[in-house]
Amino acid sequence: MSITNNLNKIKSELPKEVTLVAVSKTKPNEAILEAYDGGQRIFGENKVQELTQKHEDLPKDIEWHIIGHLQSNKVKYIAPFVKLIHAVDSFKLLLEINKQGQKNGRIIDCLLQVKIAQEESKFGLDFDEAEFLFTEARNLASLNIVGFMGMATFTDNKDQLKNEFKSLNNFFEQFRTQHPQITTLSMGMSGDYHTAIEQGSTMIRVGSAIFGERNYI
């Protein structure tokens, strides 16, 4: 199937309240433009250098998200244009985003990354740390925490995926009763987004199901 067909198929299945981020990391500009011509405007990258180059080369109405682990010293390169930072997992990173937002006269939207997976290799905060960071961030005027992001364990066990996503959704729902500005729950990728949506995800990050398998070079 073509990229356009893949995109249309996924979009046709999505509830209207769920936002699709097309994960274009490692993909050439031609592939992104095919998705763009198919109506997609939100794209996610995980490497700062690749993101800044693509931002320069591609249409200016694309909304760029940085979805991978972000180092503080790289924030300055994306601060002028990034729409959403998905993976804030430290106070140090929050401070740097705020500093660069201030420099660029912008308020940068962010998600706090909560660790719900079993794997040691996954980054993220526990629920108490996320709550603490949210409280601290209220003093930072050049960023705006709009929700949470979580990555489930890489597994075919549907019950495990369901429980991991459900734990973050419960936290999200409780949290936003007191903080209505929390509107985004980014959960679900190509292999598990159906389960994530069932468990309350409002934003999915889909790469290979749109663009085909990734080439790791």
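We did not get these values from a lab; they are worked out from the coordinates using the rules stated. Computed from a predicted model, the values in this text were never measured in an experiment. FYI the Cβ positions are ideal-geometry reconstructions off the backbone, even for glycines, and counts take in every protein chain you see.
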Sites E56 and H194, calculated FRET efficiency, Cβ-Cβ separation with R0 41 Å, nearest 0.05: 0.70
Pairs beyond 23 Å (Cα-Cα), from K27/K92; K27/K47; K76/K166; K92/K162: K27/K92; K76/K166; K92/K162
Spin-label pair K92/L33, simplified geometry with 7 Å Cα→Cβ offset, distance in nm: 4.0
K76 versus T177: modelled label distance in nm, points set 7 Å from Cα along the beta carbon direction: 4.4
Proxy reagent accessibility, fewest Cβ within 10 Å first, across M151, M189: M189, M151
Cβ charges +1 (Lys, Arg) and -1 (Asp, Glu), total dipole of the chain, debye: 540
Tensor-based shape of the chain (alpha-carbon gyration tensor, a/c under 1.5 rounded, otherwise prolate or oblate): oblate
Ranked E34, E213, criterion: other C-beta atoms within 10 Å, fewest first: E213, E34
